[in-house]
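J.: Starting off with a structure, shown below.
The values are calculated or read from the model by the stated rules, or taken from the named source; none is laboratory data. All figures in this text were calculated on a predicted structure; none of them were measured in a lab. Cβ: placed from backbone, ideal geometry, glycine included. Neighbour counts: every protein chain shown. Accessible surface is based on the protein model in full, side chains and every heavy atom, while ligands, DNA and RNA are left aside. Shrake-Rupley method; radii C 1.70, N 1.55, O 1.52, S 1.80 Å.
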Amino acid sequence: MMAGPRSFLLLPLLLLALVVAVHCESPPMLGGLFEANENEEDVQQALNFAVTEFNRGTNDKYGSRVFQVLRVRKQVVSGLKYYFDVEIRRTTCSKSVADLSSCPYHVDPLLKKHSICQFVVYTIPWLNQTRLTKNECRDDQAYP
């Protein structure tokens, strides 16, 4: 019996699951959340996408960047979902700056801003699609 056209649609998902399983100490369960390494290239790309979208969606004239990654998890679905808990801070650079990574954070009490954000990035690598599906931030009042 020959495989139908639908069976070929599963091939990218199975390949993705295999790649993720090889990079993890214990293979993740399909659909299950697992802790991820913030230094992995795909995680960094997803986080950069989330922060770029965050900055694009604010009315702030200054760009913000990640100060600290609090937690990052992945989920293998029909693609990959990345779940981020991060601390972001306002920089001294305007949002028009292409790369905020070297921009210093504001220290002026009237201009500094500190938020704790939850981002969820959904990506389907074989279709070259990425979306920010959750973007929730709250100002951290404990920030000195």
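J.: Tell me whether region 45-67 contains one or more residues that are more than 26 Å from Q129 (Cα to Cα), surrounded by fewer than 20 Cβ atoms within 10 Å (Cβ to Cβ) and in contact with an Asp or Glu (Cβ under 7 Å, 6 or more places away or on another chain).
T.: yes
J.: Any chance you could count how many residues in region 18-55 are at pLDDT 55 or above and out of contact with any Lys or Arg (no Cβ under 8 Å at 6 or more places or on another chain)?
T.: The qualifying residues number 20.
J.: What are the residues in region 69-80 that are part of a strand (DSSP E or B) and over 16 Å from C117 (Cα atoms), if any? Let's see the steps before the verdict.
T.: Taking region 69-80 and keeping what is part of a strand (DSSP E or B), we get 69-77, 79-80.
Those that are part of a strand (DSSP E or B) and over 16 Å from C117 (Cα atoms): K74, Q75, V76, V77, G79, L80.
J.: Hey, does region 96-119 have a residue that's closer than 16 Å to Q45 by Cα, open to solvent by less than 60 Å² (accessible area, probe 1.4 Å) and assigned to a strand (DSSP E or B)?
T.: yes
J.: For region 49-68, give me each residue that is in a strand (DSSP E or B), among the hydrophobic types (A, V, I, L, M, F, W, C) and touching a residue at least 24 places away in the same chain (Cβ under 8 Å). Before the answer, list the steps.
T.: Initially, region 49-68 is screened for residues in a strand (DSSP E or B), giving 62-68.
Filter once more, keeping what is among the hydrophobic types (A, V, I, L, M, F, W, C): 66-67.
Within region 49-68, F67 is the sole residue that qualifies.
J.: I'm checking my understanding of the structure. Among residues of region 94-144 that are more than 13 Å from the chain's Cα centre (by Cα) and among the basic types (K, R), which one is nearest to A36 (Cα to Cα)? Lay out the reasoning, then the answer.
T.: So the first thing to find is which residues in region 94-144 are more than 13 Å from the chain's Cα centre (by Cα), and the list is 94-116, 124-129, 137-144.
This time we only want the ones that are among the basic types (K, R), so: 95, 112-113, 138.
Numbers: K95: 29, K112: 30, K113: 27, R138: 23 Å.
This residue is R138.
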